[in-house]
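Just below is one structure, and these are the notes that go with it.
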Amino acid sequence: MHTYKSTKTETGIEAWPPLTETFDIKILKGEPAQSGRVDYGSLEGPIVGGVWECTEGVFEFNYTADELATVLEGEVRITDASGNTESYGPGDSFHIAKGEKTVWEVVRPLRKCFIIYISG
């Protein structure tokens, strides 16, 4: 069993490759850097779960998979293709569907737990 709490310090977090090398992402502002830990499955899919962290910055993220996530620490503003913006902080959850085009503004260093479904 894995427990994800905003009051818990995560262990096993490692630096991951630059965002632009991992996902369909274009950096718009800053130098956001990602790190994380895979607790279930594999980044190659079809299902992966774990913890993801990102430093401040703004980037365009075109989703190639479905994601359900809960923010554990920090703050992020996510804007969809229609211009709707939502802010998320500790305890907030969100789902983003495959094919959605989003802009992420990481306002304060972000930590989230996630489940991603990578369909063929």
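The values are calculated or read from the model by the stated rules, or taken from the named source; none is laboratory data. Not measured: the values here are computed from a predicted model. Every residue, glycine among them, receives a Cβ derived from its backbone with ideal geometry; neighbour counts consider all protein chains shown.
Okay, residues lined up against (1) over 24 Å from Lys98 (Cα atoms); (2) in a loop (DSSP other than H, G, I, E, B); (3) charged (D, E, K, R); (4) in contact (Cβ under 8 Å) with a residue 60 or more places away in the chain:
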site	(1), (2), (3), (4)
Thr3	yes, yes, no, no
Thr7	yes, yes, no, no
Gly12	yes, yes, no, no
Thr20	no, no, no, no
Ser35	no, no, no, no
Asp39	no, no, yes, no
Gly45	no, yes, no, yes
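Could you tell me whether Pro109 is outside any strand (DSSP E or B), at pLDDT 95 or above and in contact with a strand residue (DSSP E or B) (Cβ under 7 Å, 6 or more places away or on another chain)?
On the way: outside any strand (DSSP E or B): no; at pLDDT 95 or above: yes; in contact with a strand residue (DSSP E or B) (Cβ under 7 Å, 6 or more places away or on another chain): yes.
So Pro109 fails the test.
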- [ ] Give the stretch 89-106 a look and list any residue that's outside any strand (DSSP E or B) and either in contact with a helix residue (DSSP H, G or I) (Cβ under 7 Å, 6 or more places away or on another chain) or more than 20 Å from Thr7 (Cβ to Cβ) (or both), or say none.
- [x] Ala97, Lys98, Gly99, Glu100
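Let me confirm something: among Gly12, Gly45, Gly50, which residue is closer than 17 Å to Ile118 by Cα and either at pLDDT below 95 or touching a helix residue (DSSP H, G or I) at 6+ places or on another chain (Cβ under 6 Å) (or both)? Steps first, please.
Details: Gly12 fails: closer than 17 Å to Ile118 by Cα; Gly50 fails: either at pLDDT below 95 or touching a helix residue (DSSP H, G or I) at 6+ places or on another chain (Cβ under 6 Å) (or both).
That would be Gly45, the only listed residue that is closer than 17 Å to Ile118 by Cα and either at pLDDT below 95 or touching a helix residue (DSSP H, G or I) at 6+ places or on another chain (Cβ under 6 Å) (or both).
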Task: Residues of the stretch 56-80 classified as of a type in the set (Ser, Thr, Tyr) and within 11 Å of the chain's Cα centre (by Cα), total - done: 2
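Tell me the residue from Glu31, Glu60, Glu86 that is modelled with pLDDT of 95 or more, surrounded by fewer than 17 Cβ atoms within 10 Å (Cβ to Cβ), outside any strand (DSSP E or B) and of a type in the set (D, E, K, R), please.
Numbers: Glu60 fails: outside any strand (DSSP E or B); Glu86 fails: outside any strand (DSSP E or B).
Just one listed residue meets the conditions, Glu31.
Residue-by-condition table, conditions (1) of a type outside the set (Lys, Arg); (2) surrounded by fewer than 19 Cβ atoms within 10 Å (Cβ to Cβ):
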{"position": "Arg37", "(1), (2)": "no, yes"}
{"position": "Gly41", "(1), (2)": "yes, yes"}
{"position": "Gly50", "(1), (2)": "yes, no"}
{"position": "Thr55", "(1), (2)": "yes, yes"}
{"position": "Ala65", "(1), (2)": "yes, yes"}
{"position": "Arg77", "(1), (2)": "no, yes"}
{"position": "Lys101", "(1), (2)": "no, yes"}
{"position": "Ile118", "(1), (2)": "yes, yes"}
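Might you let me know whether the stretch 34-48 holds any residue that is among the hydrophobic types (A, V, I, L, M, F, W, C), in contact with a Leu (Cβ under 8 Å, 6 or more places away or on another chain) and farther than 18 Å from Arg111 by Cβ?
So in the stretch 34-48, the residues among the hydrophobic types (A, V, I, L, M, F, W, C) come out as 38, 43, 47-48.
Next cut, in contact with a Leu (Cβ under 8 Å, 6 or more places away or on another chain) only: none.
Within the stretch 34-48, not a single residue is among the hydrophobic types (A, V, I, L, M, F, W, C), in contact with a Leu (Cβ under 8 Å, 6 or more places away or on another chain) and farther than 18 Å from Arg111 by Cβ.
When you scan the stretch 47-67, how many residues do you find that are of a type in the set (Ser, Thr, Tyr) and touching a residue at least 60 places away in the same chain (Cβ under 8 Å)?
Total satisfying the criteria: 0.
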